[in-house]
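Below is one structure, written out as structure tokens; comments come after it.
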């Protein structure tokens, strides 16, 4: 089971719920914009590379489209570096060497989500369902350097790129700190739509995520 701990992803709390923190549900709804930012750890599986794991910075913007529904767009960008060093002996010359490898992963993900709230707007603790999709842009490269007494040899591997759509679903818990500000967390699953769900890979290669976020409602706050 492949877990992805999203340790903080930019603000996903709903501004329209924040605005209604002190008022009951109403048949008249005034759309509200909200923005947010945060950090996270995310894992996406892809055919081109074993996976693309991001420790991303998130920025987002959203707009409520109903008393309990909102549309949200987010951008994640980040990456990771993996380094490894080992020593050995050249079989042809008998000369000892040190091999140093570095794998660089960079990626960005554009996500569009619909948020469905299961809580009344006046409650400070909000529970949401999340559903949507992500387009992933990934890039990986492996570089290696061999050091011997006779000198150094460097190798730069080919760049592996990834462009793939993923389905995303999950839940969100948010706590309303005031009429504009909300603090929350998300837990999500994502799956590459290019990998058939009926195959073994389609079941096993599911990315997961968790994040903590902060959002701020724009415009005039409701009393």
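Read the figures in this text as sums done on the coordinates, not as results from a lab. As the structure is a computational prediction, the values presented were derived from the model and not from experiment. Backbone-built Cβ (ideal geometry, glycine too); neighbour counts: all protein chains shown.
Some observations on this one:
- Peptides 149-155, 160-166, ordered by how many other C-beta atoms sit within 10 Å of their residues on average, highest first, read 160-166, 149-155.
- Descending semi-axes in whole angstrom, ellipsoid equivalent of region 37-141, from the Cα gyration tensor: 45, 13, 10
- With coordinates expressed along the principal axes, the C-alpha atoms belonging to region 85-223 extend over 79, 38, 21 Å, beginning with the largest.
- On the beta carbon distance between residue 194 and residue 144, with R0 = 22 Å, the FRET formula returns roughly 0.15.
- With a Förster radius of 22 Å applied to the beta-carbon distance between residue 137 and residue 84, the computed FRET efficiency rounds to 0.30.
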